[in-house]
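Take a look at the structure set out below.
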Amino acid sequence: MKLRRTLLGTAFATCLVAGSALAQETITVNIGSSHPEQNIWAWAMKNVFQPEVDRILEDAGGNYQINWLEHYGGTLYRFTDTREAVRDGIVDVGMVGTVWEVSDMPLQNVTYYTPFATSDHEMLIEIFDKLTEELPELRDSWAEQNMIHLSSLITDSYDVYGNFEMNALADLRNRRINAPGTSANWLQGTRATPLEGGLTTYYTDIQTGVSEGALSFASGIYPARIHEVAPHLTRVDIGAMYFGGVAANLNFFDRLPEEVQQAFREAGRETSRRHGTHVTEMAETALQNMQEEGLEIRELPEEEKQAWVDNMPNIVDAWLDLGGEPAAVVLRAYFDELRERGVTPLREWDEAVR
C-alpha cells in the first residue's frame with residue numbers, strides 16, 4: 001500500500017510538472033542590430049537586455065519564455081536602415097540610430113545640435129530615459145514611427161581622430177573628416193569638409209584616402225581598429241551624445257502579454273544603466289589600449305575649444321525650424337536637466353527658446 005501511494009504521488013507530481021511545462025508559452029522575438037556584438041550598443045542588447053528579460057520572466061513564475069532569434073552585425077540591414085528595420089518589423093526589437101534620422105526623428109537629435117554641453121554620458125542616459133518617459137513630444141515621436149522606446153543609447157565624448165596632428169583649430173582647415181549625420185554641423189566654421197559615414201566605414205575611408213579622420217568616440221573607435229589608420233587623437237570634448245535607443249516594433253509590442261511587456265520595460269531600464277557603466281569602462285580601456293598600440297593623444301587648448309564653439313553658427317536654429325514647438329519643449333527640458341545637475345554648457349544653446 002505504501003509503495004502504491006508513493007507511485008501515485010510520483011505520478012501526480014509528474015503530471016504537475018508536465019502541466020506546468022505545457023502552460024508555459026514560448027514567444028519568438030527577432031532581435032538585431034546593424035553593428036556587431038562587440039559594439040557598445042549591440043553589446044547592451046545582447047548582454048543585458050536579452051538576459052534581463054529572461055531573468056524577469058523566470059522570476060515572475062516562468063509563464064513565458066523567449067525564443068531569441070539574433071541578427072547582429074548587419075546581417076539583415078545596414079546602419080542607415082535601423083529605423084525602417086524596427087518600424088517595418090524586419091526585426092521585433094532593434095538598435096535605432098536616430099543620429100541618421102534627423103528628418104524623420106528630429107527631436108531625438110537635440111544633443112547633436114547642442115555640442116559642447118556635457119561629456120558625462122552616464123548622466124545623459126539618465127536624462128533621456130527620464131525625458132522620453134515624461135515628455136509626450138519625445139514619447140509620441142517614437143510611436144509615430146511605429147516603435148516604443150525601451151532603453152537609451154549614448155556615446156562617450158566625441159573627439160578628433162586623424163592621420164594628421166592637430167594642435168589648433170586651424171589644423172582642420174581643408175581636411176576631409178568623417179562626421180555622421182548631424183555631427184557634420186560641428187565642422188561649420190572650421191573650413192573642414194564633412195563626409196558621411198559610420199563606425200563600420202571609417203577604417204576603409206581613411207585607409208583609402210577618402211577621408212583623413214573622423215569625429216568619433218573612444219569606445220567605438222577601438223573595437224573597429226580605426227586608430228590603426230588614424231593614429232592621432234586630439235581631445236576636444238565636443239560632448240557625449242544621445243545616439244538613439246533600443247526600441248520594439250509597436251505592433252509587435254502591443255500583441256505581447258502584459259507580463260512580457262513589463263519585462264521588456266524593466267529590462268530596458270536596466271540596459272540603460274549598465275550600458276552607461278559599460279561605456280565608461282570601455283572608453284577608459286580603449287584609450288589605454290590604443291595608446292599602448294601607438295595612438296598619440298593631445299589636448300586641444302581651452303581657448304581653441306572656445307574658439308571652435310564660438311565660431312560655429314547657431315546650428316540649433318535649423319533644428320528648431322524642423323521640429324517646431326515640440327523641439328523647443330525638448331530643448332528647454334534638456335538644458336534644464338543639465339543645469340539641475342550642475343552642468344555649465346560651453347554655449348547656451350537654449351537662449352533662443354527662453
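The values are calculated or read from the model by the stated rules, or taken from the named source; none is laboratory data. Treat the numbers as computed from the prediction; the structure is a model and nothing was measured. Cβ coordinates were reconstructed from backbone atoms using ideal geometry, including for glycine residues, and neighbour counts include every protein chain displayed.
Can you name every residue in segment 299-317 that is exposed (fewer than 13 other Cβ atoms within 10 Å of the Cβ) and under 15 Å from S157 (Cα atoms)?
Once the filter is applied, which keeps residues that are exposed (fewer than 13 other Cβ atoms within 10 Å of the Cβ) and under 15 Å from S157 (Cα atoms), segment 299-317 yields nothing.
Go through segment 130-169 and give me each residue that's more than 12 Å from the chain's Cα centre (by Cα), closer than 21 Å to Y334 by Cβ and of a type in the set (D, E, K, R).
Passing the criteria: K130, E133, E134, E137, R139, D140, E144.
Let me spell it out: the conditions are (1) in a helix (DSSP H, G or I); (2) touching a Leu at 6+ places or on another chain (Cβ under 6 Å), and P194 meets all of them except one. Which number is the exception?
So P194 meets the others, but not (1).
Within segment 163-186, track down each residue that is part of a loop (DSSP other than H, G, I, E, B) and either over 30 Å from L107 (Cβ atoms) or not small (G, A, S) (or both).
N163, F164, E165, M166, N167, A168, R173, N174, R175, P180
Could you please find all residues in segment 317-354 being among the aliphatic types (A, V, I, L, M), closer than 15 Å to P115 by Cβ and at pLDDT 95 or above? Before the answer, list the steps.
Narrowing segment 317-354 to residues among the aliphatic types (A, V, I, L, M): 318, 320, 322, 327-331, 333, 338, 343, 346, 352-353.
Okay, now just the ones that are also closer than 15 Å to P115 by Cβ, so 318, 331, 338, 343, 346.
L331, L338, V343 - these are the residues of segment 317-354 that are among the aliphatic types (A, V, I, L, M), closer than 15 Å to P115 by Cβ and at pLDDT 95 or above.
Which one is nearest to the chain's Cα centre (by Cα), of the residues in segment 170-187 that are among the polar types (S, T, N, Q) and at pLDDT 95 or above?
Within segment 170-187, the match that is nearest to the chain's Cα centre (by Cα) is N178.
Going through R265, R298 one at a time, which residue ends up being among the basic types (K, R), closer than 24 Å to N167 by Cβ and at pLDDT 95 or above?
R298
Would you call G245 buried (at least 17 other Cβ atoms within 10 Å of the Cβ), within 22 Å of S151 (Cβ to Cβ), touching a His at 6+ places or on another chain (Cβ under 6 Å) and not aliphatic (A, V, I, L, M)?
Yes; evaluated as a whole, the condition is true for this residue.
Could you check segment 328-354 and list, in sequence order, the residues that are in a loop (DSSP other than H, G, I, E, B) and touching a residue at least 24 places away in the same chain (Cβ under 8 Å)?
Answer for segment 328-354, where residues must be in a loop (DSSP other than H, G, I, E, B) and touching a residue at least 24 places away in the same chain (Cβ under 8 Å): R341, V343, P345, L346, R347.
Need the failing condition index for E70 against (1) farther than 29 Å from E25 by Cα; (2) part of a strand (DSSP E or B), just the number.
(1)
Only residues that are hydroxyl-bearing (S, T, Y) and in a strand (DSSP E or B): list them for segment 231-279, please.
Hits for segment 231-279 are T234, Y242.
So which residues in segment 275-291 are without any contact (Cβ under 8 Å) to a residue 40 or more places away in the chain and of a type in the set (G, A, S)?
Within segment 275-291, no residue meets the criteria.
Among (1) of a type in the set (G, A, S); (2) outside any helix (DSSP H, G or I); (3) crowded, with 21+ Cβ neighbours inside 10 Å; (4) out of contact with any Asp or Glu (no Cβ under 6 Å at 6 or more places or on another chain), where does G189 come up short?
(3) is the only condition that G189 fails.
Of all residues in segment 197-213, which are touching a Leu at 6+ places or on another chain (Cβ under 8 Å) and either surrounded by 20 or more Cβ atoms within 10 Å (Cβ to Cβ) or without any contact (Cβ under 8 Å) to a residue 12 or more places away in the chain (or both)?
Answer for segment 197-213, where residues must be touching a Leu at 6+ places or on another chain (Cβ under 8 Å) and either surrounded by 20 or more Cβ atoms within 10 Å (Cβ to Cβ) or without any contact (Cβ under 8 Å) to a residue 12 or more places away in the chain (or both): D205, S211.
Filter segment 197-220 for residues that are assigned to a helix (DSSP H, G or I) and out of contact with any helix residue (DSSP H, G or I) (no Cβ under 6 Å at 6 or more places or on another chain) and give the result.
T204, D205, I206, Q207, G220
What are the pairs with Cβ atoms under 9 angstrom where one residue, in segment 167-178, is among the hydrophobic types (A, V, I, L, M, F, W, C) and the other, located anywhere, is crowded, with 21+ Cβ neighbours inside 10 Å and part of a helix (DSSP H, G or I)? Sequence gap at least six, or different chains.
L169/W308; L172/W308
Within segment 319-354, track down each residue that is small (G, A, S) and over 23 Å from the mean Cα position of the chain (by Cα).
Answer for segment 319-354, where residues must be small (G, A, S) and over 23 Å from the mean Cα position of the chain (by Cα): G324, G342, A352.
Pairs needed: first member in segment 135-153, assigned to a helix (DSSP H, G or I); second member anywhere, aromatic (F, W, Y) and buried (at least 22 other Cβ atoms within 10 Å of the Cβ); C-beta distance under 9 Å; at least 6 residues apart or different chains.
Sorted first by the residue in segment 135-153, then by its partner, the pairs are L138/F128.
Which numbered condition trips up R83, out of (1) of a type in the set (K, R); (2) at pLDDT 95 or above; (3) over 14 Å from the mean Cα position of the chain (by Cα)?
Looking at each condition in turn, R83 falls short on (3).
If the requirement is being closer than 20 Å to L250 by Cα and of a type in the set (V, I, T), which of these qualifies: V110, V48, V29?
On the way: V110 fails: closer than 20 Å to L250 by Cα; V48 fails: closer than 20 Å to L250 by Cα.
Exactly one of V110, V48, V29 is closer than 20 Å to L250 by Cα and of a type in the set (V, I, T), namely V29.
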